[in-house]
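Take a look at the structure below.
The values are calculated or read from the model by the stated rules, or taken from the named source; none is laboratory data. What you see is a predicted model, and the numbers here were worked out from it, not measured in a lab. With ideal geometry, Cβ positions are generated from the backbone for all residues, glycine too; neighbour counts draw on all protein chains shown. Ligands, DNA and RNA are stripped out before the accessible areas are found, and what is left, the full protein with its side chains, is counted by its heavy atoms. Shrake-Rupley method; radii C 1.70, N 1.55, O 1.52, S 1.80 Å.
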Amino acid sequence: MVNAGDMNGSGNLMDFLDEPFPDVGTYEDFHTIDWLREKSRDTDRHRKITSKSKESIWEFIKSLLDAWSGWVVMLLIGLLAGTLAGVIDLAVDWMTDLKEGVCLPAFWYSHEQCCWTSNETTFEDRDKCPQWKKWSELLVSQSEGASAYILNYFLYIMWALCFAFLAVSLVRVFAPYACGSGIPEIKTILSGFIIRGYLGKWTLLIKTVTLVLVVSSGLSLGKEGPLVHVACCCGNFFSSLFSKYSKNEGKRREVLSAAAAAGVSVAFGAPIGGVLFSLEEVSYYFPLKTLWRSFFAALVAAFTLRSINPFGNSRLVLFYVEYHTPWYMAELFPFILLGVFGGLWGTLFIRCNIAWCRRRKTTRLGKYPVLEVIVITAITAIIAYPNPYTRRSTSELISELFNDCGALESSQLCDYINDPNMTRPVDDIPDRPAGPGVYTAMWQLALALVFKIVITIFTFGMKIPSGLFIPSMAVGAMAGRMVGIGVEQLAYHHHDWIIFRNWCRPGADCVTPGLYAMVGAAACLGGVTRMTVSLVVIMFELTGGLEYIVPLMAAAVTSKWVADAFGKEGIYEAHIHLNGYPFLDVKDEFTHRTLATDVMRPRRGEAPLSVLTQDSMTVEDVETLIKETDYNGFPVVVSKDSERLIGFAQRRELILAIKNARQRQDGVVSNSIVYFTEDPPELPPNSPHPLKLRRILNLSPFTVTDHTPMETVVDIFRKLGLRQCLVTRSGRLLGIITKKDVLRHMAQMANQDPESIMFN
């Protein structure tokens with residue numbers, strides 16, 4: 001195997017012209033970048049700046065500005081991502097409440113803000129104030145009764161349909177790439193794939209607006225995943241302002257990795273979790289410099305969000321909890337059971353959702369995205385309204401499920417029977433049997449759980465922005481709260497059992513149902529996404545529950561083990577494969593005993609490899625070869641007889657070089673000889689002017705021998721981010737292996753359809 005060294009001349013590709021022309025070194029849409037080439041070009045650029053900085057003060061200042069440009073981009077990304085997240089949070093609060101009523105003194109206030117300003121609100125009825133009017137009170141002057149309920153029900157459905165229709169229409173007309181979570185595509189882009197327009201300005205604008213609409217409509221989706229896409233759009237916009245990033249796709253991806261961290265930072269108020277999420281789940285190439293910059297971007301984004309204070313509690317975290325009871329070793333068993341539930345739910349969700357999305361792609365259902373969104377929204381609104389736990393926003397539901405039952409809680413979940421005259425033995429736990437409200441809440445939660453599990457399968461993947469973090473957490477939180485209440489009542493009614501006798505201090509609460517909800521939420525999110533480290537950090541940053549790391553870790557690891565037993569893919573990897581993106585996952589293992597010769601093209605019976613010769617082809621020959629094939633590049637050999645390899649020429653650069661030579665160089669015509677050699681021979685006086693293309697030739701393409709194990713080839717592609725690799729024997733060219741060939745071979749070895757890999 002011959003190692004690739006420096007990419008020869010990649011920093012100054014077009015020296016044969018007076019000035020470099022546009023688009024050199026850029027890539028076609030839906031193609032993979034060459035990481036080695038991008039790295040080499042950046043090294044050349046940096047070397048040039050360093051040498052020039054010693055020439056004058058101005059050049060030295062320019063070199064300093066270049067060095068600081070990365071930090072400036074991070075600052076701008078953090079400020080914009082934090083501002084957009086704050087605006088989205090405030091708008092969602094207002095529009096969610098708009099479905100139920102309006103604040104008369106100031107219509108732009110949400111229900112909570114409206115009642116903050118009221119002097120006539122009592123603590124017991126803190127959600128009721130004369131300033132806030134339900135639609136039935138405004139329209140028919142009735143707040144209670146069947147007619148008021150039906151009118152409120154009808155208007156709730158109408159508002160939901162209106163928001164959803166507006167969202168899907170905006171996405172369809174202005175920015176088709178604004179749909180979905182965005183994380184599968186971000187992962188693919190960060191691995192080196194080009195999807196033009198996916199991180200564009202229109203996508204940013206439409207995704208921000210439609211995200212508010214779809215979350216407010218009450219659909220079973222979250223805003224957290226799409227916020228990563230929004231932050232990456234901000235990153236792409238600001239990196240295009242600096243030539244250091246706009247002209248180098250590899251450097252641009254370092255910025256996008258940091259932007260993804262800022263996105264999670266503002267989505268959950270979890271800056272450290274954001275950095276770890278980018279490192280563990282999203283990024284493909286994550287050098288130490290990117291880690292520091294991600295940390296800075298996440299910090300600025302979190303600080304900006306805290307300044308806006310969208311939650312009105314002067315805290316950055318979304319679901320702040322304050323538990324007064326420690327957890328006990330015996331509770332690890334129900335925590336692990338919740339982990340098993342999370343893994344099973346993750347497996348069920350991924351399989352059902354992928355099956356539904358595949359059906360959407362392959363049947364007529366995919367031709368009616370607007371109708372699909374309207375139908376799912378109508379079903380969601382009709383079933384959600386009667387149940388108080390599905391009517392409210394999912395974030396509010398999770399917040400209530402996480403809460404501990406203090407003396408001031410008015411929730412149904414805290415309707416315990418307290419009898420101050422009841423006598424207690426010294427070694428007994430506080431006697432708090434569940435009241436009728438708790439039993440009613442349990443039934444409603446069970447129904448809400450079944451509804452959420454089913455409706456989320458059909459909602460995720462529609463042609464609207466849709467995140468999966470919050471619905472997954474809601475499923476886990478509902479299951480966890482019910483388990484927590486069950487364990488709590490078991491401990492109350494059987495306090496003399498040996499397991500309960502050992503853990504309870506006199507006069508203390510033994511079981512905190514809210515903690516079980518938190519652990520269940522982590523387990524279900526882990527089961528769907530297969531995150532571990534970043535998940536635990538996000539959960540404790542999200543809730544402030546630092547001392548509950550061990551239960552969270554136990555549940556996250558268990559859910560991953562259980563889910564991995566049924567299939568290694570998380571939801572994002574499953575959607576990447578469904579869309580046929582060329583994503584070579586670092587987590588995939590290749591253990592088959594095949595060789596490079598088994599995978600390379602051309603195979604037996606196929607046409608020979610299309611190659612260029614170093615000094616015997618005319619401009620017309622090269623143009624004909626380019627027209628008749630659609631390959632990304634061509635190996636250059638000494639001659640077709642010897643097939644001794646010289647280098648590799650990119651298709652795009654050949655086209656640009658010939659086009660510009662015809663425009664700017666006199667004497668270059670169709671029968672001009674193309675030379676890839678250092679010094680072309682002397683030509684007869686009447687012969688046409690030769691075209692020298694040595695400068696666009698990569699003289700050190702990556703090569704392997706035909707007996708190199710595919711395990712090694714896969715590792716090379718994964719770690720170096722190659723587009724293609726040439727196969728040789730004793731310096732003679734035998735064939736070529738592209739990233740697409742590697743992915744198709746891996747799919748074939750795993751008994752999957754190799755034709756599902758659509759892009760190169």
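The table below gives the values:
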{"quantity": "Those residues of segment 721-730 which are under 21 Å from Tyr631 (Cα atoms) and either basic (Lys, Arg) or in a helix (DSSP H, G or I) (or both), in sequence order", "calculated": "Arg723"}
{"quantity": "Test for His745: is it under 17 Å from Thr594 (Cα atoms), over 24 Å from the mean Cα position of the chain (by Cα) and surrounded by fewer than 21 Cβ atoms within 10 Å (Cβ to Cβ)", "calculated": "no"}
{"quantity": "Residue check, Glu573 modelled with pLDDT under 95, in a helix (DSSP H, G or I) and farther than 22 Å from Thr456 by Cα", "calculated": "no"}
{"quantity": "Cβ pairs under 8 Å, 6+ apart, first in segment 262-277 and outside any helix (DSSP H, G or I), second β-branched (Val, Ile, Thr)", "calculated": "Gly269/Val317; Ala270/Val264; Ala270/Val317; Ala270/Val537; Ala270/Ile538"}
{"quantity": "Qualifying position, being in contact with a helix residue (DSSP H, G or I) (Cβ under 9 Å, 6 or more places away or on another chain), modelled with pLDDT under 95 and open to solvent by less than 10 Å² (accessible area, probe 1.4 Å), among Glu224, Glu249, Glu254", "calculated": "Glu224"}
{"quantity": "Matching residues in segment 86-100 - criterion: being open to solvent by less than 20 Å² (accessible area, probe 1.4 Å) and either free of Cβ contacts under 8 Å to residues at least 40 places away in the same chain or under 24 Å from the mean Cα position of the chain (by Cα) (or both)", "calculated": "Gly86, Ile88, Asp89, Val92"}
{"quantity": "Residue match in segment 387-398 (condition: out of contact with any Cys (no Cβ under 7 Å at 6 or more places or on another chain), open to solvent by less than 70 Å² (accessible area, probe 1.4 Å) and not in a helix (DSSP H, G or I))", "calculated": "yes"}
{"quantity": "Candidates Leu733, Leu743 - the one that is part of a strand (DSSP E or B) and either touching a Leu at 6+ places or on another chain (Cβ under 9 Å) or closer than 25 Å to Val636 by Cα (or both)", "calculated": "Leu733"}
{"quantity": "Meets criteria (aliphatic (A, V, I, L, M) and not in a helix (DSSP H, G or I)) for Met462", "calculated": "yes"}
{"quantity": "Filter result (open to solvent by 30 Å² or more (accessible area, probe 1.4 Å) and over 19 Å from Thr325 (Cα atoms)) within segment 542-561", "calculated": "Val557, Lys560, Trp561"}
{"quantity": "Pairs, first without any contact (Cβ under 8 Å) to a residue 24 or more places away in the chain in segment 148-168, second among the aliphatic types (A, V, I, L, M) and open to solvent by 70 Å² or more (accessible area, probe 1.4 Å), C-beta under 8 Å, six or more apart", "calculated": "Ala148/Val140; Leu151/Leu139; Leu151/Val140"}
{"quantity": "Which numbered condition Ser40 misses (of (1) closer than 30 Å to Lys201 by Cβ; (2) surrounded by 13 or more Cβ atoms within 10 Å (Cβ to Cβ))", "calculated": "(1)"}
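Table: residues versus (1) in the same structural domain as Gln412 (by the TED database); (2) out of contact with any Cys (no Cβ under 7 Å at 6 or more places or on another chain); (3) open to solvent by 10 Å² or more (accessible area, probe 1.4 Å).
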position	(1), (2), (3)
Gln444	yes, yes, yes
Thr459	yes, yes, no
Ser472	yes, no, no
Gly476	yes, no, no
Met482	yes, yes, yes
Tyr516	yes, yes, no
